[in-house]
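**Q** My questions will all concern the structure given below.
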Amino acid sequence: MKLCSIASGSSGNCIYIGTEATHLLVDVGISGKKTVEGLNGLGLTGNDIDGILITHEHSDHINGLGVMCRKFGIPVYGTKGTISAIREVSNLGKLDDSLFHVIRADEKFILKDITVNPMKISHDAAEPVAYRFQYGGRRMAVATDLGIYDEYTVESLKCMDALLLEANHDINMLQVGPYPYYLKQRILGNRGHLSNELSGKLLSRLLHDNLKAVVLGHLSKENNLAELAYETVRLEISMADNPYRPDDFPIFVANRSEISQLVEI
């Protein structure tokens, strides 16, 4: 099973998950053209995609959805709340209702040889989810847009072989940055985004001997730096009450607008 970030950041998110037989996208928050270019970089085309899994309806997760659906007829999976909210977004253009499939958190479904298991997340959207994937004995997860995490989150993300986890902002950069007060409070709130520190604390609870790769994603352009996210998460692992050290695991930061290295388990 493979994981690759085509784009991951506050301005657009698109993650590829696949096997030899099945090719999926988690969100299409960049243009259709950039999405196809990213797929081409993986040796794929839009016609190869078996499904688009939408986490929620915010623009940085659905910007290219209309183009991809109309051009390639790709099935779209999302919760009832998410699909209803997408249908209210006028700038996506006309979407074929038959392409939409309603899924529910914690109810598994199968797309060819990949089992998909959505999980609830705390974010200020209609009915947002993150996604876990299983192929044979291998497990991966894409978990971003987490305002907070709790025991449910920890239990849901345990035992992953690879994990793409949000490290959205540095708290100090956000607090002294240019964003208006209400937006800062939204991001810092329980339905906002996970800071570098909280990302590291959550990750520290998910570490295990068979974890093969960690990708830090959904970094804010204005309120974070790749090096800062990387070092902060590593520091939290160093300070955590567990037997692991940061160098025990490959950790890298997904590029905001370019295809990342491929994680293959």
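**Q** What is the stretch 104-209 by shape, rounded, prolate or oblate, if you read a ≥ b ≥ c off the alpha carbon gyration tensor as root eigenvalues and call it rounded for a/c under 1.5, prolate for a/b larger than b/c, and oblate otherwise?
**A** Since a/c reaches 1.5 and a/b is larger than b/c, the shape of the stretch 104-209 is classed as prolate.
**Q** Turning to a different aspect of this structure: Determine, for each peptide in 7-14, 154-161, the mean count of other beta carbons within 10 angstrom over its residues, then list the peptides with the highest first.
**A** Descending mean neighbour count gives 7-14, 154-161.
**Q** I've got another one for you. How large is ³J(HN,Hα), in whole Hz, for each residue of the stretch 159-167 in order, when computed from phi with the Karplus curve 6.51 cos²θ - 1.76 cosθ + 1.60 and θ = phi - 60°, using x for Gly and Pro?
**A** With the stated coefficients, the stretch 159-167 comes to 6, 7, 7, 8, 9, 9, 10, 5, 9 Hz.
**Q** Determine the shape class of the stretch 41-114: with a ≥ b ≥ c the square roots of the Cα gyration tensor eigenvalues, call it rounded for a/c under 1.5, and otherwise prolate if a/b is greater than b/c, oblate otherwise.
**A** Because a/c hits 1.5 or more and a/b fails to exceed b/c, the stretch 41-114 counts as oblate.
**Q** Efficiency by 1/(1 + (r/R0)^6): what FRET value for Q261 and K71, r their Cβ-Cβ distance, R0 = 30 Å, to the nearest 0.05?
**A** Result of the calculation: an efficiency of 0.65.
**Q** Now for a different question. Pairs K158/K201; K120/K221; K108/K221; K112/K201; K33/K112; K2/K108: which exceed 23 Å Cα-Cα?
**A** K120/K221; K108/K221; K112/K201; K33/K112
**Q** Sticking with this structure for a sec: Give the distance, in whole Å, between the Cα centre of the stretch 77-98 and the Cα centre of the stretch 153-178.
**A** Result: 27 Å between the Cα centres.
**Q** Still on this structure, please answer the following. Springs between alpha-carbon pairs under 10 angstrom, Gaussian network model over the chain: which of L165, L235, L146 fluctuates most?
**A** L235
**Q** State log₁₀ I(q)/I(0) for the stretch 1-85 at q = 0.12, 0.23, 0.25, 0.27 Å⁻¹ as given by the Debye formula over alpha-carbon point scatterers of equal weight, solvent excluded.
**A** Values, matching the q order: -0.29, -1.10, -1.31, -1.51.
**Q** Out of S98, S204, S195, any idea which swings most in a Gaussian network model of the chain, alpha carbons joined below 10 Å?
**A** Result: S98 has the largest fluctuation of those listed.
**Q** Highest first, please rank the peptides 175-184, 216-225, 29-38 by the mean number of other Cβ atoms sitting within 10 Å of their residues.
**A** Ranked by mean Cβ neighbours within 10 Å, highest first: 216-225, 29-38, 175-184.
**Q** Ok, one more. How much length is gained if the chain between R186 and N172 is pulled fully straight, taking 0.36 nm per residue apart and subtracting their Cα-Cα distance, in nm to one decimal?
**A** That pair, R186 and N172, stretches by 3.5 nm at full extension.
**Q** Under the rule of at least 5 residues apart or a separate chain, name every residue whose amide H is placed under 5 Å from the amide H of F100.
**A** Long-range HN contacts for F100: V76.
**Q** Once the convex hull of the alpha carbons of the stretch 159-241 is built, what does its volume come to per residue, in cubic angstrom?
**A** 92
**Q** What distance in nm separates the simple spin-label points at A226 and N242, each placed 7 Å from Cα in the Cβ direction?
**A** 2.5
**Q** Where Rh is the Kirkwood radius over the Cα pairs of the chain, the temperature 10 °C and the viscosity 1.306 mPa s, what D in µm²/s does Stokes-Einstein return?
**A** Reported coefficient: 87 µm²/s.
**Q** Here is a further query. Would you compute, from DSSP H runs of 4+ residues alone, the mean residue ellipticity of the chain at 222 nm, taking -39500 (n - 2.57) per run and dividing by the full residue count, rounded to the nearest 500?
**A** Computed mean residue ellipticity for the chain: -7500 deg cm²/dmol.
**Q** Counting only protein heavy atoms and a 1.4 Å probe, tell me what percentage of the chain's accessible area is made up of carbon and sulfur.
**A** Carbon and sulfur together cover 49 percent of it.
**Q** Oh, and also: Using a Gaussian network model of the chain whose springs link C-alpha atoms within less than 10 Å, name the residue from A125, A143, A254 with the highest mean-square fluctuation.
**A** Its mean-square fluctuation being the largest, the pick is A125.
**Q** Write down the percent of antiparallel bridges among all DSSP beta bridges whose residues are both part of the stretch 121-214, to the nearest 5.
**A** Given both bridge residues lie in the stretch 121-214, the antiparallel proportion sits at roughly 40 percent.
**Q** From the phi angles alone, apply the Karplus equation (6.51, -1.76, 1.60; θ = phi - 60°) to the stretch 124-136 and give each ³J(HN,Hα) in whole Hz, x where the residue is Gly or Pro.
**A** Result, rounded to whole Hz: 7, 9, 4, 7, x, 9, 9, 10, 10, 10, 9, 9, x.
**Q** When the Karplus curve 6.51 cos²θ - 1.76 cosθ + 1.60 is applied with θ = phi - 60°, which whole-Hz ³J(HN,Hα) does each residue of the stretch 188-197 get, with x for Gly and Pro?
**A** Rounded to whole hertz, the list is 7, x, 5, 10, x, 9, 7, 6, 4, 4.
The values are calculated or read from the model by the stated rules, or taken from the named source; none is laboratory data. Because the structure is predicted, anything quoted here is derived from the model rather than measured. Methodologically, a virtual Cβ is constructed for each residue, glycine included, from the backbone with ideal geometry; neighbour enumeration extends over all protein chains shown. We work out accessible area using only protein heavy atoms, side chains counted, and drop any ligands, DNA or RNA first. Shrake-Rupley method; radii C 1.70, N 1.55, O 1.52, S 1.80 Å.
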